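Novice: So that we are looking at the same thing, I have put the structure below in structure tokens.
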Amino acid sequence: MTRLRTVLLVCALLFTASGCELAVPGQAESEEKVTILGTWTGSQEVEFRKQLEDIGIPYEYQGTAAQREVLLSQVQAGEPPDIVIMPGLGELADYANQRRLTVLTSDVYNKSEYGPPWQPSGKGAEEVYWVPLRADLKSIVWHGKDTEPPKSPAPPTSWCMGMGDDGPSGWPGSDWIEDLVLQRSGPKVYEQWVRGKLKWTSKPVMEAWYAWGDLLTQGDKGLARRALIADHRGPDRSNGLLFSQEGCTLEHQGSFAPFFYKGRAEEATFTDSADLLPRGPYDVQAHEVTGDFAALFSGSTQAKELLSELASKEHQQTWADDAGVFSANNKVRPRKGDVARAITKRLTSPETPRCLDASDVMPPAVRDAFHEATLLTLTRYSQGKGPESIKGILDDVQLVQKHQPENRFARTDVCSTPQ
């Protein structure tokens, strides 16, 4: 008779007298859940949970728009999640600089499957702390398939615009500024700006801000006022702006926008933004991209195994096929459909530079000041105050930039180089 059967027999005999608890070696560890903190809620959370269920490792997921505040409170309490997923590389770099993140080894993250700028390079590149689980394309404008966009700067009444969000607001405005700096001045200047090597009051940045102001001041200034009160996801926070905001036919938004279009997503297509930006048209200098990056706060074996599965080529392909998301993994095949294939090509093609979203890479304090500056700009313009207010707004952001400490884990390459 085995030891386990003997224990069970003794328990059965003594149960009525004293009770018996059976502890199987390794049972507590195997039932411990991997804790995950992310920004996905609603339908995106549902799809992510499906992927986690397929992997089969016990988990506990928390999705919140207030991720930075939740994460900071958990870290300060000494109880960070095992895995955090966020677009803020600047924020992750801060945690890496504090030695709070676990280095990702080759069995978790295959660097060869991720080209630049997704793959760390330059100083500190040998220490990998995050892996992109999802990718999205920016520098694009959505419109209805039955609506031909103009081949010159579009009139202000054509634009859908909304700054509202559950968490920190203003990032749709920063996307406009980033795209204008990139398409007007090119990747080299863009990267200097992102790295703090170019002042916020320099000509390339100021001129991009003025170009956005041109759009906001045309007509009756209704666009600025509308953008301040509208949610970027649509009137009921779920059906997008393109098919719900009165009169608009163009939306400057990332490749995740169709998630909000619901049943009308098949009616939408996109074009490169360079043709339509104010003071354009411009040549396409590069494609701005963003991602959701996963990092480990613990050395848990189960957490490493779960992250390895999520980052694998096989799972990335399944996620793309099942949920319609995009991957930075260059081994993942394009999904079906002309729109999906066109987005995938821009995300992975080495022919045109890809530049990471500027505010995602900036230090968190600078990112927050950037977002606030776009909201302040909209407020000033909606009140009839024009370009004269721009320099003062950017002086304040520059002051925040000036006081940022050196971070050796900040990425050195914001943009990829064409091959």
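Novice: Filter the range 158-171 for residues that are touching a helix residue (DSSP H, G or I) at 6+ places or on another chain (Cβ under 8 Å) and not in a loop (DSSP other than H, G, I, E, B); which is modelled with the lowest pLDDT? Give the steps one after another, and end with the answer.
Specialist: Our first condition is that a residue be touching a helix residue (DSSP H, G or I) at 6+ places or on another chain (Cβ under 8 Å); within the range 158-171, this holds for 159, 161-165, 167-171.
Among the residues that remain, those that are also not in a loop (DSSP other than H, G, I, E, B) are: 159, 164, 171.
On the way: Trp159: 91, Gly164: 83, Trp171: 92.
It comes out as Gly164.
Novice: Same structure again: If you scan the range 54-80, which residues turn out to be in a helix (DSSP H, G or I), touching an Asp or Glu at 6+ places or on another chain (Cβ under 9 Å) and within 15 Å of Leu296 (Cα to Cα)?
Specialist: Once the filter is applied, which keeps residues that are in a helix (DSSP H, G or I), touching an Asp or Glu at 6+ places or on another chain (Cβ under 9 Å) and within 15 Å of Leu296 (Cα to Cα), the range 54-80 yields only Leu71.
Novice: Considering (1) hydroxyl-bearing (Ser, Thr, Tyr); (2) in contact with a Pro (Cβ under 6 Å, 6 or more places away or on another chain); (3) over 19 Å from Gly384 (Cα atoms), say which one Tyr210 fails and leave the rest.
Specialist: So Tyr210 meets the others, but not (3).
Novice: (1) over 19 Å from the mean Cα position of the chain (by Cα); (2) farther than 25 Å from Phe270 by Cα; (3) surrounded by fewer than 23 Cβ atoms within 10 Å (Cβ to Cβ): which one isn't true of Pro364, the others all being true?
Specialist: So the condition that Pro364 fails would be (1).
Novice: Are any residues in the range 125-157 in a loop (DSSP other than H, G, I, E, B) and at pLDDT 90 or above, and if so, which ones? Before you say what the answer is, go through the steps one by one.
Specialist: Of the range 125-157, the ones in a loop (DSSP other than H, G, I, E, B) are 125-130, 138-139, 145-155.
Passing the criteria: Tyr129, Trp130, Lys138, Ser139, Lys145, Asp146.
Novice: Give me the residue from the range 72-91 that is surrounded by fewer than 23 Cβ atoms within 10 Å (Cβ to Cβ) and of a type in the set (A, V, I, L, M, F, W, C) and, out of that set, farthest from the chain's Cα centre (by Cα).
Specialist: Only one residue fits best here, namely Ala77.
Novice: Considering only the range 81-113, state which residues are touching a helix residue (DSSP H, G or I) at 6+ places or on another chain (Cβ under 9 Å) and either part of a helix (DSSP H, G or I) or among the hydroxyl-bearing types (Ser, Thr, Tyr) (or both).
Specialist: If the condition is that a residue be touching a helix residue (DSSP H, G or I) at 6+ places or on another chain (Cβ under 9 Å) and either part of a helix (DSSP H, G or I) or among the hydroxyl-bearing types (Ser, Thr, Tyr) (or both), then Leu89, Gly90, Glu91, Ala93, Asp94, Tyr95, Thr102, Thr105, Tyr109, Glu113 are the ones that fit.
Novice: Now, a different point. So Arg226 clears everything in (1) in a helix (DSSP H, G or I); (2) among the basic types (Lys, Arg); (3) at pLDDT 95 or above except one condition, right? Which one?
Specialist: (3)
Novice: Name the pairs: first residue in the range 399-410 and under 16 Å from Asp368 (Cβ atoms), second residue in a loop (DSSP other than H, G, I, E, B) and hydrophobic (A, V, I, L, M, F, W, C), Cβ to Cβ under 8 Å, at least 6 apart or on different chains?
Specialist: From residues that are under 16 Å from Asp368 (Cβ atoms), the pairs are Gln401/Trp200.
Novice: On the basis of being at pLDDT below 95 and of a type in the set (Lys, Arg), does Arg49 make the cut? Don't jump to the end; show me each part of the working.
Specialist: Working: at pLDDT below 95: no; of a type in the set (Lys, Arg): yes.
Taking the combined requirement at face value, the residue does not satisfy it.
Novice: Test each condition in (1) surrounded by fewer than 17 Cβ atoms within 10 Å (Cβ to Cβ); (2) more than 18 Å from the chain's Cα centre (by Cα) for Leu180 and report the one that comes out false.
Specialist: (1)
Novice: Using beta carbons and a limit of 8 Å, which pairs, at least six apart or on different chains, have the first residue in the range 344-357 and without any contact (Cβ under 8 Å) to a residue 60 or more places away in the chain and over 25 Å from Ala410 (Cβ atoms) and the second one surrounded by fewer than 21 Cβ atoms within 10 Å (Cβ to Cβ) and of a type outside the set (S, T, N, Q)?
Specialist: Thr344/Pro334; Thr344/Arg335; Lys345/Pro334
The values are calculated or read from the model by the stated rules, or taken from the named source; none is laboratory data. Bear in mind that the values here come from a model prediction, so they are computed numbers and not experimental data. Because the Cβ atoms are built from the backbone with ideal geometry, glycine has one as well, and the counts that use them run over all protein chains shown.
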